[in-house]
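The structure under discussion appears below in the form of structure tokens.
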Amino acid sequence: MESIQALIVEDDPADAELIARQIRQSGYELAWTRVQTKADFLAQLQRVPDIVLSDYSMPQFSGLEALELLRGSGFDIPLILISGTVGEEIAVEAMRVGATDYLLKDRIARLGNAVERALAEKRLRAERSRAEEQIQSQLRELQRWQAVTLDREDRVQALKREVNELLRGAGKPPRYAPPETGESPP
């Protein structure tokens, strides 16, 4: 059973309990905190929950405000909007600005699937980020080795030129051909 930390943004304690119960019924071990104000949301967000589940409309705070604050925080935490009355236009706008999903309270049975999908997408983003960081690290290492190799080749060419100059100074033919011609020395 996967254990998750949820931040539930909800003004009705009974609705928050219903949300928590539905997640548990979906097979998650759940620890959760309920908030209903902007200040409480920001304070609890610093604990970096695995997921945020937010009512769309509350007297002192809204799900879209929570989404805006979450996106501004820099944390990669999925947010699912849950509402009793959200219309299709509002739901589409919420998804456009970054909500992971939206559900109607009368269709809360979908919540487990929505949470599973949101957490899977978050894991994929984290894996992609780690892979990109690894690629960037390997690219920097490759560039460093290329610079070292080119520096060595430059030093070898400089040594060959010095040998050729010493040989010429001694009245002998050069031993190494210039690198750009690829011809054998005379």
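Let's see how each residue does on (1) over 15 Å from D106 (Cα atoms); (2) of a type in the set (S, T, N, Q); (3) at pLDDT 95 or above; (4) outside any helix (DSSP H, G or I):
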position	(1), (2), (3), (4)
D40	yes, no, yes, no
Q44	yes, yes, yes, no
G72	yes, no, no, no
I90	yes, no, no, no
E93	yes, no, no, no
How many residues of segment 22-40 are surrounded by 14 or more Cβ atoms within 10 Å (Cβ to Cβ), without any contact (Cβ under 8 Å) to a residue 60 or more places away in the chain and of a type in the set (A, V, I, L, M, F, W, C)? The answer is 3
(message) Could you go through segment 78-85 and let me know if any residue there is out of contact with any strand residue (DSSP E or B) (no Cβ under 6 Å at 6 or more places or on another chain), more than 19 Å from T37 (Cα to Cα) and polar (S, T, N, Q).
(response) yes
Of G112, G98, the only residue that is within 28 Å of the chain's Cα centre (by Cα) and not in a helix (DSSP H, G or I) is G98
Just wondering, is there one or more residues in segment 46-66 that are surrounded by fewer than 21 Cβ atoms within 10 Å (Cβ to Cβ), among the aliphatic types (A, V, I, L, M) and assigned to a loop (DSSP other than H, G, I, E, B)? yes
If you go through R123, R144, R128, R117, the only one that is at pLDDT below 90 and assigned to a helix (DSSP H, G or I) is R144
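The values are calculated or read from the model by the stated rules, or taken from the named source; none is laboratory data. The structure presented is a predicted model; accordingly, all values stated were derived computationally and were not measured. All Cβ positions, glycine included, derive from the backbone under ideal geometry; neighbour counts span all protein chains shown.
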